[in-house]
Amino acid sequence: MPSLPLRILHVEDNTLTRELVRDALQGYIVVDSVETLAEAHSKLTGGEVYDVVLTDLGLPDARGTEAGAA
């Protein structure tokens, strides 16, 4: 069972979208946002633990669908 509050890593290159997601979920869960798949990979391999990873499908450094393989 995940710990509360839930932690989400949001990978999104659009600043407005990152802010909208963070603001919509603030107070309910912890949202950590990054702009690239490379940044997400660094967080995940650096010991950060997330319950969910949300990725944009059109990232500048890779397709969001490639995130599962990273």
Practice task
May I ask you to list the residues in region 39-50 that are open to solvent by less than 80 Å² (accessible area, probe 1.4 Å) and part of a loop (DSSP other than H, G, I, E, B)?
Solution key: Gly46, Gly47, Glu48, Tyr50
Practice task
For region 1-15, enumerate the residues that are hydrophobic (A, V, I, L, M, F, W, C) and either under 11 Å from Leu54 (Cβ atoms) or open to solvent by less than 70 Å² (accessible area, probe 1.4 Å) (or both).
Solution key: Leu6, Ile8, Leu9, Val11
Practice task
Mind counting the residues in region 16-38 that are within 17 Å of Leu57 (Cβ to Cβ), open to solvent by 40 Å² or more (accessible area, probe 1.4 Å) and in contact (Cβ under 8 Å) with a residue 12 or more places away in the chain?
Solution key: 4
Practice task
Within region 7-38, track down each residue that is modelled with pLDDT of 90 or more, not in a helix (DSSP H, G or I) and not β-branched (Val, Ile, Thr).
Solution key: Arg7, Leu9, His10, Glu12, Asp13, Asn14, Asp32, Ser33, Glu35
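The values are calculated or read from the model by the stated rules, or taken from the named source; none is laboratory data. This is a predicted model, so every value here is computed, not measured. Every residue, glycine among them, receives a Cβ derived from its backbone with ideal geometry; neighbour counts consider all protein chains shown. Accessible surface is based on the protein model in full, side chains and every heavy atom, while ligands, DNA and RNA are left aside. Shrake-Rupley method; radii C 1.70, N 1.55, O 1.52, S 1.80 Å.
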